[in-house]
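Quick note: the coordinates plus some simple rules give every number you see, no bench work behind them. Note that this is a predicted model, so its numbers are computed, not measured. Note that each Cβ is placed from the backbone with ideal geometry, even for glycine, and that neighbours are counted across all protein chains shown.
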Amino acid sequence: MARVNNWQLGREMSYWYPESRPDKQFAAVFDINKCIACQTCTLACKTTWTSGKGQEYMLWNNVETKPYGFYPLGWDLKLLEMLDGQKWDQSGEKPVYGGSTIFESAPAGERVLGWRPEEEDYAYPNVGEDDCAGQIDGGTSFQMPHMAWFYYLARICNHCTYPACLAACPRGSIYKRPEDGIVLVDQGRCRGYQECVRGCPYKKVFFNPMSGTSEKCIACYPKMEQGLQPQCFVNCIGKIRMAGWISKPEEAREDNPIDYLVHVRKIALPLFPQFGLEPNVYYIPPIHVPTSFTRQMFGPGVDDAIAAYKKAMSEGDDDLAGLLGLFGSTEEVMSRWTRNGETITGFNDKGEEAVRVPLREPVNIRPAYDKLYQITRVNCP
Amino acid sequence: MKTLFKLTVVCMIAVAVLAACRSRTISPSEVVAVTGQTITDDPAAGVWWGLPYHPAKLILQDLVEPRLMEPSTQEVEVTAMTDGKTVAFRLEWIDDSQDDLPGPQKFIDGCAVQLPQKMETNVPAPQMGEDAKTVEIAYWRADWQAIVDGRVDEITSLYPNASVDHYPFRAESLKKDPKAQGEMEQRYAPARRLGNSRSGPRKQPVEDMLAEGPGTLTRTNAVSRGRGVKTPKGWAVVIIRPLPEGISVQKGTNIAFAVWQGARRETGARKMRTGWIPLILKEPGK
Ligand code: SF4
Ligand code: SF4
């Protein structure tokens, strides 16, 4: 094992291969507060990529209700149980992960600490949908965080900086593209050992019994190569998603939308950073959920992220609020953004203007009785 | 299908009966390929019982990660014959269950025969060879056998109750144009498009491969064939491949074997294997 730097842990860690970061790293921010679990993303992916034989059960994109939703069943709980002592040391300037990652706790004979779901575990992709974390009793009043809560967690492959799928494959059939950091399974080389399925803690590699190979999310690389965001991003009804490029923290640029949200404002956080993969899908945590739960899922930055997110609206943080307005505004990948007064502009990889949005959507109030047309409006569509 | 089923049952019974009433010669320290034989791919053929067999002890693959940590199959019984051009190996081992259905967390019974590509004094590492010391591997799998025996290339062969809403390549509009339909089907099966037929349509249950060390397995021209049947106690498999170049009654080579039990989740590097065992040719009765 090599020693590599994992900034999400605030320390070095062991990994199967030496550190080798791509020229550019695909990354995404999902705003959990806006997801309505419509599953349009799931279907957009399904119809684009996984309509073939053996892919019937596969959802490269899925949306599950937390705390009781999982696809596959118990994917996170199972590993959390196996991985003990997930402590963060917060005494210094930056939190440092004091527990061990799935690479550091690999048992004898294994490359990573992993497990493989049974086939039944994939049989209920929307189990736990809209199930609340607790009962609502008489006399309960509305407060934040909610005492009974749930939220929707949309998930794709994290195109990790230190992919466990890649580390676990004894054949080197999985590779991380140097040009964009997208992680792919070489369909010509894979021999279907399912070691990647075992290794990926997020269970985002799937075995196809008809082709005999493992398959996974490809971040719609043919679109990304053309500067376009993946299907699950552009079809998202809630406009919760933004795809782009992330820099290392010390090279973060304020005018890079992803860098701004992840590194500068730190409101978007990785999913289970303690696993040690440096995943590249970042989540704006749900603001109504007790942070005792979300801290385990998104790391120790949750409280600050929620505070900053809330302030963006209530205290006129126009940069942050403006940037959030760029989500779902264009199909193009935005690698730069600016705010000029009330106007926020996104620029594509070529530096051309891709989209322009207002800081505040104009509000039109229409009277119930329209004098011009002499009609009364009713409040239904 | 019915005839095929009957045939398989007859074969299984034949193997069982033969196994029960045999009295065979053991070759304790080498695999002997008896010369001048008419090659058969039938594991139940009577000829096998007149040939000496080698009980090859299997050991854990515990050299490279991922390793097999718990021993499973103890021994594989190997019998061999040659007609001067090809050599046939009959492998038989104990396995309680028949695992020939692929799926998530479902693995396949299989076995493999490995020989050095060149007959040299310095043999390659027995664990998949090494740099510039290539090994040739012929690999048999139970799911490929099922396909060759007639399993249909549909998801319902694996999950009989599966229902599929729609495959784009089955669209009405494509039915009149088989070429366009075939292209569309491949679009949703990249592994097959790249010629990686790990499962799906195939004519042989055996695959030929080369390796120069762990993790380097590469498919090569198909020269081997074979056939496997489930016996009451396990599997009996015949693998037929070209006779190694340079081998003769005077000069032998080396051979190694591996066995995977699907029910024990053995796959790839997680296997039971042997080290190198001498392989010699012998004339009948000598
Ligand atoms: S999320 Fe899983 S499949 Fe995707 S890169 Fe990371 S380890 Fe691999
Ligand atoms: S399309 Fe968007 S809003 Fe709908 S479930 Fe997917 S991520 Fe959530």
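For the stretch A:221-234, what does the Karplus curve 6.51 cos²θ - 1.76 cosθ + 1.60, with θ = phi - 60°, yield as ³J(HN,Hα) per residue in whole Hz, taken in order and with x for Gly and Pro?
4, x, 7, 4, 5, 9, x, 10, 6, x, 4, 5, 7, 7
Compute the acute angle (0 to 90°) between the alpha-carbon long axis of helix B:178-187 and the principal axis of greatest extent of the alpha-carbon atoms of chain B; round to the nearest 10°.
Helix B:178-187 and the main axis of chain B meet at about 70 degrees.
For the stretch A:39-158, what class follows from the C-alpha gyration tensor (a ≥ b ≥ c being the square roots of its eigenvalues): rounded when a/c is under 1.5, otherwise prolate if a/b is larger than b/c, else oblate?
Verdict is oblate for the stretch A:39-158.
Around A:ILE284, which amide H atoms from residues at least 5 apart in sequence, or from another chain, sit under 5 Å from its own amide H, with H modelled in the peptide plane?
A:PHE30, A:ASP31, A:ILE32, A:LEU269
What area, in nm² and to one decimal, does the C-alpha convex hull of chain A cast on average over all directions?
The number I arrive at for chain A is 22.8 nm².
In deg cm²/dmol and to the nearest 500, what is the mean residue ellipticity at 222 nm of the protein assembly as shown if only DSSP H runs of at least 4 residues count, each as -39500 (n - 2.57), divided by the residue total?
-4500 deg cm²/dmol
Compute the angle between helix A:40-49 and the longest alpha-carbon principal axis of chain A, please, reported from 0 to 90 degrees and rounded to the nearest 10.
50 degrees
Using only alpha-carbon positions, what ratio does the radius of gyration of the stretch B:154-199 give when scaled by 2.2 N^0.38 Å?
Taking N as the residue count of the stretch B:154-199, the ratio is 1.28.
Less than 19 Å apart at the alpha-carbon level, and either on another chain or at least 8 residues along: which lysines does that give for B:LYS286?
B:LYS251
Can you tell which of B:LEU243, B:LEU194, B:LEU101 shows the greatest fluctuation in a Gaussian network model of chain B with Cα springs below 10 Å?
B:LEU194
Treating only the Cα positions of the protein assembly as shown as identical point scatterers, give the base-10 log of I(q)/I(0) from the Debye formula at each q in 0.06 Å⁻¹.
-0.42
Springs between alpha-carbon pairs under 10 angstrom, Gaussian network model over chain A: which of A:ASN256, A:ASN340, A:ASN208 fluctuates most?
A:ASN340
Classify the stretch A:319-381 as rounded, prolate or oblate from the Cα gyration tensor: take a ≥ b ≥ c as the square roots of its eigenvalues, call it rounded if a/c is under 1.5, otherwise prolate when a/b beats b/c and oblate if not.
Prolate.
Would you look at the GNM of chain A, springs on alpha carbons closer than 10 Å, and say which of A:THR161, A:THR213, A:THR343 moves the most?
In this elastic network of chain A, the residue with the biggest mean-square fluctuation among A:THR161, A:THR213, A:THR343 is A:THR343.
Quick one: the Cα spread of the stretch B:78-129 along its three principal axes, in angstroms, biggest first?
For the stretch B:78-129, the Cα extents along the three principal axes come out at 42, 27, 18 Å.
Give me a comma-separated list of calculated 3J(HN,Hα) values for the stretch A:80-91, in order, Karplus coefficients 6.51, -1.76, 1.60 applied at θ = phi - 60°, integers in Hz, x for any Gly or Pro.
4, 5, 6, 9, 8, x, 8, 9, 10, 8, 10, 6
Select from the stretch B:162-252 those GluC sites (Glu not before Pro) which occupy a DSSP coil region and have at most 10 other Cβ atoms within 10 Å, ordered by residue number.
B:GLU245
Just to confirm the number: angle between the C-alpha axis of helix B:2-21 and the first principal axis of chain B, 0 to 90 degrees, nearest 10?
20 degrees
Can you give me the Cα centroid spacing of the stretch A:114-164 and the stretch B:81-147 in angstrom?
For the stretch A:114-164 versus the stretch B:81-147, the Cα centre distance is 45 Å.
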